[in-house]
Amino acid sequence: MQIPAVTDAQELSCDVLVIGGGTAGTMAALTAAEQGRDVLLLEKAHVRHSGALAMGMDGVNNAVIPGRAEPDDYVAEITRANDGIVDQSTVRQTATRGFSMVQRLESYGVKFEKDEHGEYAVRQVHRSGSYVLPMPEGKDVKKVLYRQLRRREMRERIRIENRVMPVRVLTADGRAVGAAGFNTRTGEFVTVRAGAVILATGACGRLGLPASGYLYGTYENPTNAGDGYAMAYHAGAELTGIECFQINPLMKDYNGPACAYVANPFGGYQVNRHGERFVDSDYWSGQMMAEFAAELASDRGPVYLKLSHLPEESISSLENILHSTERPTRGTFHANRGHDYRTHDIEMHISEIGLCGGHSASGVRVDDHARTTVPGLYAAGDLACVPHNYMIGAFVFGDLAGADAAQFTAYEGELPQQQVVDAHELIYRPLRNPDGPPQPQVEYKLRRFVNDYVAPPKSGARLSLAVDHFERMRGEIDEMGAQTPHELMRCAEVHFIRDCAEMAARSSLARTESRWGLYHERTDHPKRDDDGWLHHLDLRKSPSGAMEFTARPVEPYLVPVAEFTPGGGASRHLGEVHPEQVATAGQRDVAPVGSGTRSSGAPARETAASHSPRILELLALSDTEPELPLLRPFLTDPDPAVRRAAVAALTETVPTGTGPALAETLSDTDAGVRGAAAASLRELVEVLPPEEDLSRGLLSALGHGDAVVRATALDVLRALRLGEATAYAPALADPDIEVRIASVRALVSVGALDTVARAAVDPAREVRVTVARGLDTPEALAPLLGDVDILVRAAAFTALASVGCPTPYDVRAVDALAAPSWQVRTGAAAALGAADPRSAVPALSTALADPNADVRKAAVLALLRHAPHEAARTALASAVLDPDADVRAYAARAAAPASAS
């Protein structure tokens with residue numbers, strides 16, 4: 001291709017420029033547009049399927065749901081997880097605004113798990129606080145957001161330019177005024193003038209090199225190459241916490257998350273090769289990763305995610321999540337090895353390093369409105385340093401950025417010509433050297449140096465060597481060759497990776513202590529130094545072009561945390577950080593000395609692969625936001641592939657009448673079309689109006705011969721409160737287990753518990769377990785306490801923990817502590833938490849010696865409910881020495897209630 005002239009640039013103009021079409025970027029664009037601003041959304045891929053959210057999410061990690069958690073508790077939790085280095089004003093925004101964001105997402109059609117009564121099914125994964133909110137249809141989140149962007153009123157305000165990659169934010173008079181980039185398909189040079197710029201480009205996931213050696217086989221989304229980090233830095237914004245890396249546990253040889261936090265509510269957990277839990281940390285943090293790494297390297301390694309002990313229904317549920325929403329290739333990976341969760345636990349390992357503000361604390365410095373230190377420039381999502389912000393936090397800060405940026409209108413001055421020229425040179429230089437070293441080779445070398453010299457454990461000498469290598473590689477990167485626009489994009493990404501690598505090395509050199517566990521472990525400074533380093537470490541590009549640092553004291557907390565007492569005060573200017581002397585080993589003129597003085601089940605939704613011209617016609621029609629009458633002919637087309645495509649179009653556009661149309665399609669003659677309609681109804685259940693036509697169609701579907709149709713009809717009727725017990729009850733006799741389970745849940749939702757109790761004799765244990773979870777009195781649960789199946793008995797005893805365990809049921813629970821099955825003993829221990837302490841505490845104290853760790857853990861949790869009684873506190877004190885990490889951690893709460901609050 002030819003190099004375009006700088007003067008031939010396509011110039012775009014907007015009030016608010018959003019760079020990055022992922023989680024935070026889409027929300028920022030929507031909010032700014034809702035406030036009347038003209039928005040330009042640039043995405044180097046395609047907004048429909050870009051960003052880390054493209055494959056969806058299986059759950060929200062930080063939802064503070066009223067009645068289940070308190071914002072201040074969450075703020076304190078994150079403060080501890082990040083070793084005190086936190087701007088609590090930013091974390092508190094997520095804590096206080098997260099629930100309203102959940103409700104906003106629900107109004108868009110995102111589905112969060114709820115129980116039969118419509119309450120959020122919040123799970124406790126970490127030992128302190130219940131913040132995890134599962135998303136059973138989480139794979140569709142990005143599709144839902146894209147649907148919002150395409151609403152007619154949004155399309156009038158939001159211009160989306162896909163395949164346009166910015167490389168520099170443009171500044172004038174000290175503020176952001178636009179960006180420069182290029183089209184990754186045509187190679188056209190593009191400049192943008194804007195009143196405000198919002199960076200939402202995600203983490204720097206392509207920093208360290210995966211153990212597999214594959215450039216794009218990273219834990220994080222590999223398209224996130226640190227674009228925003230580099231653009232913010234060169235625009236003069238401050239970045240902070242860059243030395244606090246992101247490192248994750250993952251599946252060995254797969255580089256996908258093992259998802260212990262997903263498996264935990266089902267009863268899965270991390271263990272060493274002896275089956276012992278070993279993690280003492282309460283929250284997912286660098287300290288937890290340090291424990292993980294130590295166990296992995298010891299004679300107790302390898303480390304596993306233990307699932308093989310779980311019942312079939314739990315494993316099936318996990319497969320549905322882990323093999324679809326998380327990574328569709330995961331099931332194939334296991335199958336190719338001949339492994340199955342029923343027979344093999346999952347070997348785990350450690351990921352490569354990356355930078356991430358939302359999962360660790362390494363990002364662009366922002367305030368509580370997502371403003372950076374450059375006026376008019378904002379950062380949100382994983383790029384912004386708001387520790388452990390995760391998905392809901394990315395949405396919250398995208399919303400904050402869009403709202404604040406909406407105060408600006410388009411910049412009308414001249415764009416800074418030299419900055420435009422410099423950006424043009426960065427983009428097109430590889431075309432002048434088409435036979436130069438190819439990007440994959442240069443990138444591999446660069447990231448190999450990251451692994452060799454920057455990954456922890458860190459030392460001043462290795463970090464200094466890293467700085468030398470990264471400086472030298474500037475010239476090698478400038479010599480890369482390219483011949484196509486796509487190759488230009490990859491070359492530009494290598495520049496970003498090099499900038500991030502240098503920031504990571506120099507920041508790690510500057511912080512002369514160890515903190516955040518494995519994330520910043522300095523072997524030459526092994527201790528945490530709160531006196532000297534309870535500071536944020538900020539970096540910026542000085543006017544001379546050098547990277548300079550400032551140690552900024554942590555401000556006094558809004559929510560006190562006993563372990564840390566920041567006092568604020570003046571910042572300490574550190575200036576440039578110079579590497580150590582590493583050219584020679586020791587001083588050149590000193591002789592060597594001795595060293596004596598010194599560690600899915602569910603298949604993915606089918607996409608239409610037919611070459612029918614009707615499908616092409618349908619795709620073109622979908623882009624015009626068609627009303628239902630225009631789509632109806634496709635829903636009745638003779639070709640099932642066309643009908644399936646029509647269901648997909650209906651789901652994406654959601655015109656008036658979508659619900660009844662999908663319910664009608666449940667009776668299609670083709671199983672694939674019926675399955676697509678069922679999946680769409682579940683996906684859209686939060687946004688479908690509970691109209692009479694929909695109710696009529698769903699009630700009719702209850703008699704269909706397809707079990708998938710019947711189960712879907714029951715679930716949607718329940719969720720929309722459209723059915724009554726008389727409609728639900730006949731399904732208790734359905735031949736399909738999933739339909740009977742759906743019937744039980746529907747009956748529970750309308751309070752028909754007498755009818756539910758009749759299902760206590762169902763031949764399927766999965767149904768009886770669901771019955772146990774739905775009943776609300778000990779008397780109703782009584783028959784299930786003596787069930788022949790151990791999992792049903794366990795579920796019934798566990799239910800007593802919620803509904804109460806009076807006499808004589810406490811006697812039955814005490815007797816059940818001697819049952820052969822550990823599941824029953826676990827449920828019995830839980831039940832005794834709701835019993836009279838005079839009978840419960842002695843039995844629970846004895847259960848602390850049970851050979852099964854889960855039974856001991858349940859006993860500790862039950863004793864915590866009796867903590868006002870001295871005998872319970874005495875028993876808990878003995879459990880702090882238990883060999884199991886979970887048991888120890890929960891028992892310690894009785895001794896230190898302040899730190900567990």
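The values are calculated or read from the model by the stated rules, or taken from the named source; none is laboratory data. This is a predicted model, so every value here is computed, not measured. Every residue, glycine as well, gets a Cβ built from its backbone with ideal geometry; the counts of neighbours run over all protein chains shown.
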Taking the residues in region 766-786 that are surrounded by fewer than 21 Cβ atoms within 10 Å (Cβ to Cβ) and over 33 Å from the mean Cα position of the chain (by Cα) as candidates, determine which candidate is nearest to residue 823 (Cα to Cα). 786
Can you tell me which of (1) more than 30 Å from residue 527 (Cα to Cα); (2) part of a helix (DSSP H, G or I); (3) not basic (Lys, Arg) is the one residue 274 doesn't meet? (2)
Any residue in region 840-854 that is within 21 Å of residue 820 (Cα to Cα), surrounded by 21 or more Cβ atoms within 10 Å (Cβ to Cβ) and not hydrophobic (A, V, I, L, M, F, W, C)? no
Across (1) surrounded by 18 or more Cβ atoms within 10 Å (Cβ to Cβ); (2) more than 34 Å from the chain's Cα centre (by Cα), residue 886 clears everything bar (2)
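Residues are listed down the side, and each one gets a yes or a no for (1) acidic (Asp, Glu); (2) buried (at least 21 other Cβ atoms within 10 Å of the Cβ); (3) touching a strand residue (DSSP E or B) at 6+ places or on another chain (Cβ under 9 Å); (4) outside the structural domain of residue 287 (by TED's automatic domain parsing):
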| position | (1), (2), (3), (4) |
| --- | --- |
| 331 | no, no, no, no |
| 360 | no, yes, yes, yes |
| 378 | no, yes, yes, yes |
| 386 | no, yes, yes, yes |
| 407 | no, no, yes, yes |
Among the residues of region 629-658, the number that are within 35 Å of the chain's Cα centre (by Cα) and either within 20 Å of residue 146 (Cβ to Cβ) or in a helix (DSSP H, G or I) (or both) is 17
Helices (runs of 4 or more DSSP H) completely within region 423-533 that count 1 or more residues being of a type outside the set (Ser, Thr, Tyr) and closer than 30 Å to residue 567 by Cα: 460-478, 485-510, 530-533
Could you tell me whether region 71-86 includes any residue that is within 30 Å of residue 652 (Cα to Cα) and more than 16 Å from the chain's Cα centre (by Cα)? no
Does residue 403 fit the bill of being assigned to a helix (DSSP H, G or I), touching a helix residue (DSSP H, G or I) at 6+ places or on another chain (Cβ under 6 Å) and at pLDDT 95 or above? yes
Residue under evaluation residue 203, criteria (1) surrounded by fewer than 24 Cβ atoms within 10 Å (Cβ to Cβ); (2) under 20 Å from residue 379 (Cα atoms), criterion not met: (1)
Please state which of the following conditions residue 611 fails to meet, knowing it meets all the rest: (1) at pLDDT 85 or above; (2) of a type outside the set (S, T, N, Q); (3) surrounded by fewer than 12 Cβ atoms within 10 Å (Cβ to Cβ). (1)
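Given the criterion under 30 Å from residue 257 (Cβ atoms) and either assigned by TED's automatic domain parsing to the domain that holds residue 501 or out of contact with any helix residue (DSSP H, G or I) (no Cβ under 8 Å at 6 or more places or on another chain) (or both), identify the matching residue among 174, 178, 205.
Working: 174 fails: under 30 Å from residue 257 (Cβ atoms); 178 fails: under 30 Å from residue 257 (Cβ atoms).
Just a single option satisfies the conditions, and that option is 205.
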So, residue 667, is that one within 15 Å of residue 709 (Cβ to Cβ) and not in a helix (DSSP H, G or I) or not? yes
Name, by its number, the condition in (1) modelled with pLDDT under 95; (2) farther than 30 Å from residue 427 by Cβ; (3) in a loop (DSSP other than H, G, I, E, B) that does not hold for residue 543. (2)
Can you name every residue in region 441-451 that is under 15 Å from residue 212 (Cα atoms) and more than 28 Å from the chain's Cα centre (by Cα)? 445
Pairs under 9 Å by beta carbon, first residue closer than 24 Å to residue 121 by Cβ in region 72-100, partner charged (D, E, K, R) and in a helix (DSSP H, G or I), six or more apart or different chains? 72/92; 74/92; 75/92; 95/72; 95/73; 97/399
Out of region 61-74, which residues are modelled with pLDDT of 90 or more and surrounded by 23 or more Cβ atoms within 10 Å (Cβ to Cβ)? 64, 74
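Restricting to region 289-308, what's the tally of residues that are over 20 Å from residue 245 (Cβ atoms) and of a type in the set (Asp, Glu)? Walk me through how you get there before you give the answer.
As a first pass, look at region 289-308 and keep what is over 20 Å from residue 245 (Cβ atoms): 298-302, 304-308.
This time we only want the ones that are of a type in the set (Asp, Glu), so: 299.
Total meeting the criteria: 1.
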Test: residue 297 is in the same structural domain as residue 277 (by TED's automatic domain parsing) and either surrounded by fewer than 14 Cβ atoms within 10 Å (Cβ to Cβ) or in contact with a Cys (Cβ under 7 Å, 6 or more places away or on another chain) (or both): yes
Looking at 507, 459, 464, can you tell me which residue is polar (S, T, N, Q) and in contact with a Ser or Thr (Cβ under 7 Å, 6 or more places away or on another chain)? 459
Evaluation of residue 90 against (1) polar (S, T, N, Q); (2) part of a helix (DSSP H, G or I); (3) at pLDDT below 95 (one fails), failing number: (3)
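The rows are residues; the columns are (1) surrounded by 18 or more Cβ atoms within 10 Å (Cβ to Cβ); (2) aromatic (Phe, Trp, Tyr); (3) within 21 Å of residue 203 (Cβ to Cβ).
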| residue | (1), (2), (3) |
| --- | --- |
| 355 | yes, no, yes |
| 366 | yes, no, yes |
| 418 | no, no, no |
| 429 | yes, no, no |
| 445 | no, no, no |
| 450 | yes, no, yes |
| 466 | yes, no, yes |
Pair list, Cβ < 6 Å and 6+ apart or interchain, from region 322-335 residues that are within 20 Å of residue 134 (Cα to Cα) and β-branched (Val, Ile, Thr) to residues that are surrounded by 15 or more Cβ atoms within 10 Å (Cβ to Cβ) and at pLDDT 80 or above: none
Does region 105-120 contain any residue that is assigned to a strand (DSSP E or B) and in contact with a strand residue (DSSP E or B) (Cβ under 9 Å, 6 or more places away or on another chain)? yes
